[in-house]
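Below: one structure, written as structure tokens.
Read-outs: derived from the displayed coordinates by stated rules, not from any lab. Note that the structure is a prediction, hence the values are computed from the model and not measured. Cβ: placed from backbone, ideal geometry, glycine included. Neighbour counts: every protein chain shown.
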Amino acid sequence: MKTLASLVAGIIFGAGLTIGGMTDPARVRGFLDLFGDWDPTLAFVMGAALIVMAIAWRVVPGMARPLFDDDFHIPGKSELTPSLIGGAVLFGVGWGIAGLCPGPGFAALAIEPLSAAIFVVSMLVGMALLRLMEGKS
């Protein structure tokens, strides 16, 4: 049941990204172009996500446990590390260049498979290289 719930959540997430236009790199780059032809669509998508999460953060404390797991897996606060800051910078630069981030990148595989595949493969290679550099398997 947990796998099915994850699949349904992923499908809903991908559909939302597609309907919101976030699988279109030009739309994302348009949002980042503050002094050109600015496209506010991404701001509305982010705003909707914030509303959903605000509701979730209010509901979760009142629940004994999640519907499809034994415990909640809520991240704790952690220190800002050079690795975290470097990763955030690299993510932002890549997002600005490609106009995609991981979620929309995978969703875009269904719409523009070739260009999205280049992004997804590059992202996966980068993740593998990081694991090798950090000595993780």
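Within the stretch 43-90, count every residue that is of a type in the set (Phe, Trp, Tyr) and over 21 Å from Gly16 (Cβ atoms).
If we filter the stretch 43-90 for residues that are of a type in the set (Phe, Trp, Tyr), which is where we start, we get 44, 57, 68, 72.
Of the ones still in play, those that are also over 21 Å from Gly16 (Cβ atoms) are 72.
Selection size over the stretch 43-90: 1.
Among what's in the stretch 64-75 and is surrounded by 10 or more Cβ atoms within 10 Å (Cβ to Cβ) and of a type in the set (A, V, I, L, M, F, W, C), pick the residue that is nearest to Met1 (Cα to Cα).
If we take residues in the stretch 64-75 being surrounded by 10 or more Cβ atoms within 10 Å (Cβ to Cβ) and of a type in the set (A, V, I, L, M, F, W, C), then Phe68 is nearest to Met1 (Cα to Cα).
In the stretch 17-47, how many are in contact (Cβ under 8 Å) with a residue 24 or more places away in the chain and in a helix (DSSP H, G or I)?
Of the residues in that region, 10 qualify.
Please work out if Leu80 is touching a residue at least 40 places away in the same chain (Cβ under 8 Å), hydrophobic (A, V, I, L, M, F, W, C) and surrounded by fewer than 10 Cβ atoms within 10 Å (Cβ to Cβ).
No; evaluated as a whole, the condition is false for this residue.
For Thr3, indicate whether it is in a helix (DSSP H, G or I), of a type in the set (S, T, N, Q) and over 19 Å from Ile111 (Cα atoms).
Yes: the conditions hold for Thr3.
Could you grab me the full set of residues in the stretch 99-137 that are surrounded by 13 or more Cβ atoms within 10 Å (Cβ to Cβ) and farther than 22 Å from Leu32 by Cα?
Residues satisfying the conditions are Leu109, Ala117, Leu130.
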